[in-house]
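Only one structure is covered here, and it is reproduced in the block below.
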Amino acid sequence: MMTNLFSIFDPSTNIFNLPLNWLSTMIGFLFIPFSFWLIPNRHQMLWNFISIKLHNEFKILLSNNNKSIGSTFIFISLFFFILFNNFLGLFPYIFTSTSHLNMSLSISLTFWLSFMIFGWINNTKHMFIHMIPQGTPPILMPFMVMIETISNIIRPGTLAIRLTANMITGHLLITLLSSMGNTINFYLISILIFMQILLLILESMVAIIQSYVISILSTLYSSEVN
């Protein structure tokens, strides 16, 4: 019996005192080498189609800077990594690593720190200019600097909380509805199963949308330091 509703998000569950929950994050890397030896099929064509579309979109967001074109593959990899872990959490008895702040905050904080270090070292003047929007009255400049600084500092937190909250919310709703199965009759169970299927479809769309949002926002943050 589940003693705590949030125990499904507890990464400390172990087998033989080995914390194996986090290993689910790395399962996707096992399939990468095999893709280089497969004959082109529909799955690979779909994967390449998504990669090309994301590359073209990220390239526009990076202001078509020739030095930044290769950077799009970093954000494409980020998209696929988060997408894989989001979908993996929809399977029963598999820990959703992206629903934990250890994972989401590590990703967002790493990207944010790299952007900040690169921007302040290579484009110091541009970083100072970015703190004051064009046309700001002189009397409001100190307040705008404070507001822009605070909004810049909380960016990794907002990215992490957005991803974590969306993953936890859907999983909790599915868990709450499934816990009602032992207390209702056959006809209500049929309705409950139908609702669970709809929720599963919704969670699949949320998994795609959240990975896309995190990748787009990371690309926009990167374009601001160039």
| Residue-level accessible surface for residue 145, protein heavy atoms, 1.4 Å, Å² | 50 Å²
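Ignoring any ligand, DNA or RNA, what whole percent of the accessible area of the stretch 24-223 comes from carbon and sulfur when the probe is 1.4 angstrom? Don't skip to the end; give the middle numbers.
On the way: 9660 of 12690 Å².
Its accessible area is 76 percent carbon and sulfur atoms.
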| remark: SASA check, residue 146, accessible area w/ 1.4 Å probe, all protein chains in place, rounded to nearest 10 Å², comes out at 120 Å²
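Accessible area per residue of the stretch 24-223 at 1.4 Å probe, in Å²? Working shown, then result.
Working: 12690 Å² over 200 residues.
Per-residue value: 63 Å².
Let me know the shape class of the stretch 46-131, please: from the alpha-carbon gyration tensor, a ≥ b ≥ c as square roots of the eigenvalues, rounded when a/c is under 1.5, otherwise prolate if a/b is greater than b/c, or oblate.
On the way: a/c = 3.79, a/b = 1.48, b/c = 2.56.
It is oblate, given that a/c is not under 1.5 and a/b is not larger than b/c.
Less than 14 Å Cβ to Cβ from residue 104, Lys/Arg counted +1 and Asp/Glu -1: what total charge do the surrounding residues give?
+2
Starting from the coordinates of the alpha-carbon atoms of the stretch 143-191, obtain the Kirkwood hydrodynamic radius over all distinct pairs and give the value in Å to one decimal. The partial results should precede the final answer.
Details: mean 1/r = 0.0711 Å⁻¹.
Kirkwood hydrodynamic radius for the stretch 143-191: 14.1 Å.
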| query | What is the Cα coordinate range of the stretch 24-223 on the first, second and third principal axes, sorted by size from largest, in whole angstrom? | reply | 69, 48, 26
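If you count, for each residue, the other Cβ atoms within 10 Å and average over each peptide, how do 215-221, 205-211 line up from highest to lowest?
Highest to lowest by the protection proxy: 215-221, 205-211.
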| said: So, taking all protein chains as they sit and a 1.4 Å probe, how much accessible area belongs to residue 126, in Å² rounded to tens? | reply: 70 Å²
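The values are calculated or read from the model by the stated rules, or taken from the named source; none is laboratory data. This one's a predicted model, so the numbers in the text were calculated from it and none came from an experiment. With ideal geometry, Cβ positions are generated from the backbone for all residues, glycine too; neighbour counts draw on all protein chains shown. For the accessible areas, the whole protein counts, side chains as well, though only heavy atoms, and no ligand, DNA or RNA atoms are used. Shrake-Rupley method; radii C 1.70, N 1.55, O 1.52, S 1.80 Å.
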